[in-house]
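**Student:** Input: one structure, supplied below.
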Amino acid sequence: MNFKRLLTLFFVVMLTGWAQAQEDGETEARKPGHYNNNRFKQLYEEFSTPNMYRSPNGAPGPNYYQQQADYVMDIELDDEKARIYGNETITYTNNSPDELEYLWVQLDQNVRAQDSKSPLIEPSGAAPAELASAFVGKYMGAGFDGGFKIQEVKNERGNPLPYTINRTMMRVEMPKVLKTGESFSFSIKWWYNIPEHTIDRARSGFETFADGNRGYVIAQFYPRMAVYSDVEGWQNSQFWGRDEFALPFGDFEVNITVPADHTLDATGKLLNRKEVFTKAMMDRYERAKKSYDKPVIIVTQEEAEAASKGFSKQKKTWKFKAENVRDYGFATSRRYIWDMMAVKIGNRDVMAVSVYPPEGNPLWEDWSTRVVASTLKSYSRMTFDYPYHKAISVHAKNQGMEYPMICWNYGRPDEDGNYSERTKYGMMSVIIHEVGHNFFPMIVNSDERQWTWMDEGINTFVQYVAEQDFGEEYPEAIAPNQAYPSRRGPAKNIVDYMASDQDNMAPIMTKGLNTYSFGANAYAKPATGLNILRETIMGRDLFDYSFRTYSQRWMFKHPTPEDFFRTMEDASAVDLDWFWRSWFYTTDYTDIGVEDVKKFYVTSKMNKQVREMMEARGMQESDLPPLVYLVEEGSEDYEESMKNASLEDVTTLQEYIMDNVDASDRANLKKPKFFYEVVFEKPGGIPMPIIAEYTYSDGSTERITYPAQIWRKNDKSVGKVIASDKEITKIVVDPDEETADIDTSNNTWPKRKKLGEFDKFKEEVKGE
């Protein structure tokens, strides 16, 4: 037999389905051509072209730059009027290669101005009932006037500068263009009314306690420079209320004047501690710096309650300095308890701090600072050593918001000090999440307004890791649970969202303002995707190394999604374009199952299929090389005697072994008794590894993970032949629910019988 005929037969036998399709297609109309729709196509079309600013490996390029904005601020809080007054000097340094004609400043509080357009972009309907307060605000024209009142904008000589306010943005005109390497200083004097955040759900504001005292959590309180970058020039997206903030890094010198009986903490190092602390507070603070396992109370509950009984007319100024931060926040009240403890990060001591009113106890005194300390350790392990000297958790009703070194968090017991497990874990999780935001985006400083998932989603992923770490460090905090009950992170927790209505879904790569299910889209789905990468696709070692590489490359810089995607691949040598495309750029879902299982027996007797192919090609059996034939159980060629046959009975096979395999190697040959063709189906769009668990007749199990690339040539179904010395009794796909499979009804073979109504009733009765 010539080589050509042998090769033809080989392909006929091995690619029967293909050959048949070709024959059937001879009479069909030819299909039109198509673009490359392969799910493993590279992301060249979606990604920006690398340049001198951003390298193809995902690192900052040789000419990467970013601007700097330094602030000197004098702030006064008027507790009687609930108003903030400010006078700030901004020094803006142009490190870009471009000459700047003007500067853009963000006025985020204008989202609460009486002429704000933010309410106009949200559709509304007539509710059957409204809170009286909401009704007055909506329909009676008594809305809160919370916008900035800009009193003056001047240059460093005190001369007025022209400026234009467009809603939440202010353009400041400079006398001349700002060239590369030059700096420009100007001042803004302003004030605004502080909103009550418990009423209008503001990110910043005050809460009024039962005794008339207020607790202030203050942020977005000063006009802030917008970002100018190599990606889009000036960040010019207005603040509509939900989007986060893109901000440049800089140094801050801030003097904050509040009533003399207030307790205050803020971003930055406290410069005049001895002036604002009592001797008792100083002694406790010194002890706290040496306490690594238990918080030390700086201001006790008794002291906070005593201070709450008076309303001092005197003032006190707290002075802070913060270097290389992108924002600023502070919290102040006469009702605050204050505790601290040290945590070792690398070779440095960092202070974990909590500030809370008596309403937060006993929950906050027991756990807040411990959660902060544990979070800093977990995030530092996953990314880089926390670079600042402190991290503060502030208790505020219904809050969850983050700023450099400080954040506000919810979780309040009832009036008797009792709390549910839901309240406890809600408080712990929000603290982990908001403290974690110090890393993303306060240090790895993505554009939150454009790519919400880059801070919220990435942070939620590390939050999941930190939650599990906390449960291991403090098992008494989570008892009787064996692991921390994380709400987001595990793949099975995202299934309901992935299976939901496609009309109400948007890809992760969507601007946060334009998403439908904000929490699921910006937080849960990207976090779950990263967890799937870590646990199932890449493995922890490769993932963690790559994730640390990304984090360290972009510390104190402005990364884009492409920088993240490219770095993860560059540092791991794992091509992930297929995953980014399906999980981040589409609304596809995962659905993989077992379509069919066929059992085969080995024989030296020619089967009908090969015989028909030989006849069609005019071939004789003598033309064939030694062949081993597979016969499907139940087919026309199947004989019951085949069940008891072994490979030793297949003469063609044994002759080949005797002639071609050394005697010393024959003993090492496997001798499978059972042969199965398993066909896996993929009704879902997302390609995922096939995690198949095979159960054998002796009760043993074997798990095989087929890489996602198994789907590269057939996106609908793929087959695998299993040769085993034991009979397969059961196959389960994704037994541990690692891939967010939305339909597990097809994940098991033999297929599970669907219960009728009566059967369901019997099962329920049995379970009672």
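**Student:** If you take the residues in the range 556-571 that are of a type in the set (Phe, Trp, Tyr) and either in contact with a helix residue (DSSP H, G or I) (Cβ under 7 Å, 6 or more places away or on another chain) or part of a helix (DSSP H, G or I) (or both), which one is nearest to ASP447 (Cα to Cα)?
**Tutor:** Step one: of the range 556-571, the residues of a type in the set (Phe, Trp, Tyr) are 556, 564-565.
Next, only the ones that are either in contact with a helix residue (DSSP H, G or I) (Cβ under 7 Å, 6 or more places away or on another chain) or part of a helix (DSSP H, G or I) (or both) stay: 564-565.
Values: PHE564: 13, PHE565: 15 Å.
Per the criteria, the residue is PHE564.
**Student:** Is there a residue in the range 349-372 that is of a type in the set (Ser, Thr, Tyr) and either in contact with a Lys or Arg (Cβ under 8 Å, 6 or more places away or on another chain) or more than 17 Å from ASP265 (Cα to Cα) (or both)?
**Tutor:** Checked the range 349-372: no residue is of a type in the set (Ser, Thr, Tyr) and either in contact with a Lys or Arg (Cβ under 8 Å, 6 or more places away or on another chain) or more than 17 Å from ASP265 (Cα to Cα) (or both).
**Student:** Out of (1) over 22 Å from VAL394 (Cβ atoms); (2) surrounded by fewer than 20 Cβ atoms within 10 Å (Cβ to Cβ); (3) in contact with a Lys or Arg (Cβ under 7 Å, 6 or more places away or on another chain), what's the single condition that is false for ALA246?
**Tutor:** Single failed check for ALA246: (2).
**Student:** Now a separate question. Quick test for you: out of GLU681, GLU693, GLU702, pick the one residue that is touching a helix residue (DSSP H, G or I) at 6+ places or on another chain (Cβ under 8 Å), modelled with pLDDT of 95 or more and either within 20 Å of VAL733 (Cβ to Cβ) or in the same structural domain as ASP725 (by TED's automatic domain parsing) (or both).
**Tutor:** Result: GLU681 is the single residue among GLU681, GLU693, GLU702 that is touching a helix residue (DSSP H, G or I) at 6+ places or on another chain (Cβ under 8 Å), modelled with pLDDT of 95 or more and either within 20 Å of VAL733 (Cβ to Cβ) or in the same structural domain as ASP725 (by TED's automatic domain parsing) (or both).
**Student:** When you go through (1) assigned to a loop (DSSP other than H, G, I, E, B); (2) in contact with a helix residue (DSSP H, G or I) (Cβ under 8 Å, 6 or more places away or on another chain); (3) closer than 30 Å to GLU232 by Cβ; (4) of a type outside the set (Lys, Arg) one by one for MET442, which number turns out not to apply?
**Tutor:** That leaves (2) as the condition not met.
**Student:** Checking the structure you have, find out if any residue of the range 101-110 is assigned to a loop (DSSP other than H, G, I, E, B), over 37 Å from the mean Cα position of the chain (by Cα) and modelled with pLDDT of 85 or more.
**Tutor:** Looking for residues that are assigned to a loop (DSSP other than H, G, I, E, B), over 37 Å from the mean Cα position of the chain (by Cα) and modelled with pLDDT of 85 or more, one finds none in the range 101-110, hence no.
**Student:** Additional query: So GLN42 passes all but one of these: (1) surrounded by fewer than 16 Cβ atoms within 10 Å (Cβ to Cβ); (2) in contact (Cβ under 8 Å) with a residue 60 or more places away in the chain; (3) in contact with a Pro (Cβ under 8 Å, 6 or more places away or on another chain). Which condition number does it fail?
**Tutor:** (3)
**Student:** Say whether the condition of being in contact (Cβ under 8 Å) with a residue 60 or more places away in the chain and assigned to a loop (DSSP other than H, G, I, E, B) is met by at least one residue in the range 265-284.
**Tutor:** Of all residues in the range 265-284, those in contact (Cβ under 8 Å) with a residue 60 or more places away in the chain come to 265-269.
In the following step, the residues that additionally are assigned to a loop (DSSP other than H, G, I, E, B) were identified as 267-268.
Yes, there is a match, as at least one residue in the range 265-284 is in contact (Cβ under 8 Å) with a residue 60 or more places away in the chain and assigned to a loop (DSSP other than H, G, I, E, B).
**Student:** State all residues of the range 572-629 that are aromatic (Phe, Trp, Tyr) and out of contact with any helix residue (DSSP H, G or I) (no Cβ under 6 Å at 6 or more places or on another chain); if no residue qualifies, say none.
**Tutor:** TRP578, PHE579, PHE584, TYR585, PHE600, TYR629
**Student:** Then there is this: Can you pull out the residues in the range 122-137 that are in a helix (DSSP H, G or I), modelled with pLDDT of 75 or more and under 36 Å from the mean Cα position of the chain (by Cα)?
**Tutor:** Hits for the range 122-137: nothing passes.
**Student:** Scan the range 278-290 residue by residue and report those that are surrounded by 12 or more Cβ atoms within 10 Å (Cβ to Cβ) and in contact with a strand residue (DSSP E or B) (Cβ under 8 Å, 6 or more places away or on another chain).
**Tutor:** MET281, ARG284, TYR285, ARG287, ALA288, LYS289
**Student:** Being surrounded by fewer than 16 Cβ atoms within 10 Å (Cβ to Cβ), in contact with a helix residue (DSSP H, G or I) (Cβ under 6 Å, 6 or more places away or on another chain) and at pLDDT 95 or above is the requirement here; does ASN57 meet it?
**Tutor:** Against the criterion (surrounded by fewer than 16 Cβ atoms within 10 Å (Cβ to Cβ), in contact with a helix residue (DSSP H, G or I) (Cβ under 6 Å, 6 or more places away or on another chain) and at pLDDT 95 or above), ASN57 qualifies.
**Student:** In addition: Quick one: count up the residues across the range 685-710 that are touching a residue at least 40 places away in the same chain (Cβ under 8 Å) and closer than 17 Å to ASP596 by Cα.
**Tutor:** 4
**Student:** From the residues in the range 291-309 that are in contact with a strand residue (DSSP E or B) (Cβ under 8 Å, 6 or more places away or on another chain) and in a loop (DSSP other than H, G, I, E, B), which one is farthest from GLU473 (Cα to Cα)?
**Tutor:** Only one residue tops the list, namely THR300.
**Student:** Only one of MET405, MET401 is at positive phi, in contact (Cβ under 8 Å) with a residue 12 or more places away in the chain and in the same structural domain as ASP251 (by TED's automatic domain parsing). Can you tell me which?
**Tutor:** MET405
**Student:** Can you tell me which residues in the range 469-503 are in contact with an Asp or Glu (Cβ under 8 Å, 6 or more places away or on another chain) and not in a loop (DSSP other than H, G, I, E, B)?
**Tutor:** ALA491, LYS492, VAL495
**Student:** When the residues of the range 582-629 are narrowed to those that are among the hydrophobic types (A, V, I, L, M, F, W, C) and part of a strand (DSSP E or B), which ends up nearest to the chain's Cα centre (by Cα)? Talk me through it step by step, then tell me what you get.
**Tutor:** The initial filter retains those residues of the range 582-629 that are among the hydrophobic types (A, V, I, L, M, F, W, C), namely 583-584, 592, 594, 597, 600, 602, 606, 610, 613-614, 616, 619, 624, 627-628.
Those still in the list that are part of a strand (DSSP E or B) too: 594, 597, 600, 602.
Numbers: VAL594: 31, VAL597: 38, PHE600: 46, VAL602: 50 Å.
Looking at the filtered set, the residue picked out is VAL594.
**Student:** Additional query: Testing GLN66 on (1) within 27 Å of the chain's Cα centre (by Cα); (2) over 25 Å from THR267 (Cβ atoms), one condition comes back false. Which one is that?
**Tutor:** (2)
**Student:** Which of (1) assigned by TED's automatic domain parsing to the domain that holds SER368; (2) in a loop (DSSP other than H, G, I, E, B) is the odd one out, the single condition THR423 does not satisfy?
**Tutor:** Just one mismatch for THR423, condition (2).
**Student:** Which of the residues spanning the range 159-174 are exposed (fewer than 13 other Cβ atoms within 10 Å of the Cβ), assigned to a loop (DSSP other than H, G, I, E, B) and touching a strand residue (DSSP E or B) at 6+ places or on another chain (Cβ under 8 Å)?
**Tutor:** PRO162
**Student:** Quickly run through the range 507-528 and pick out the residues that are without any contact (Cβ under 8 Å) to a residue 60 or more places away in the chain and either in a helix (DSSP H, G or I) or surrounded by 21 or more Cβ atoms within 10 Å (Cβ to Cβ) (or both).
**Tutor:** If the condition is that a residue be without any contact (Cβ under 8 Å) to a residue 60 or more places away in the chain and either in a helix (DSSP H, G or I) or surrounded by 21 or more Cβ atoms within 10 Å (Cβ to Cβ) (or both), then ASN514, GLY519, ALA520 are the ones that fit.
**Student:** When you scan the range 654-674, do you find a residue that is in a strand (DSSP E or B), under 30 Å from ILE532 (Cβ atoms) and aromatic (Phe, Trp, Tyr), even just one?
**Tutor:** The answer is no, given that none of the residues of the range 654-674 is in a strand (DSSP E or B), under 30 Å from ILE532 (Cβ atoms) and aromatic (Phe, Trp, Tyr).
**Student:** Output the residues belonging to the range 200-214 that are more than 27 Å from the chain's Cα centre (by Cα) and surrounded by fewer than 16 Cβ atoms within 10 Å (Cβ to Cβ).
**Tutor:** Matches in the range 200-214: ASP200, THR208, ALA210, ASP211, GLY212.
**Student:** In addition: Can you find a residue in the range 334-349 that is out of contact with any helix residue (DSSP H, G or I) (no Cβ under 9 Å at 6 or more places or on another chain), assigned to a helix (DSSP H, G or I), on the phi < 0 side of the Ramachandran plot and surrounded by fewer than 14 Cβ atoms within 10 Å (Cβ to Cβ)?
**Tutor:** no
**Student:** Quick check, is TYR356 free of Cβ contacts under 8 Å to residues at least 40 places away in the same chain and either surrounded by 19 or more Cβ atoms within 10 Å (Cβ to Cβ) or under 28 Å from PHE245 (Cα atoms) (or both)?
**Tutor:** It is true that TYR356 is free of Cβ contacts under 8 Å to residues at least 40 places away in the same chain and either surrounded by 19 or more Cβ atoms within 10 Å (Cβ to Cβ) or under 28 Å from PHE245 (Cα atoms) (or both).
**Student:** List pairs: first in the range 599-628 and over 14 Å from GLN654 (Cα atoms), second among the basic types (Lys, Arg), Cβ under 9 Å, 6+ apart or cross-chain?
**Tutor:** TYR601/LYS643; ARG617/ARG5; MET619/ARG5; GLU621/ARG611; ASP623/ARG5
**Student:** Do we have any residue at all in the range 87-94 that's under 30 Å from PHE184 (Cα atoms) and part of a loop (DSSP other than H, G, I, E, B)? Talk me through it step by step, then tell me what you get.
**Tutor:** Keep residues of the range 87-94 that are under 30 Å from PHE184 (Cα atoms), which gives 87-94.
Filter once more, so that each one left must be part of a loop (DSSP other than H, G, I, E, B): 94.
Checked the range 87-94: at least one residue is under 30 Å from PHE184 (Cα atoms) and part of a loop (DSSP other than H, G, I, E, B).
The values are calculated or read from the model by the stated rules, or taken from the named source; none is laboratory data. Since we're looking at a predicted model, the values are computed, not measured. A quick note on method: Cβ atoms are made from the backbone with ideal geometry, for glycine too, and the neighbour counts reach across all protein chains shown.
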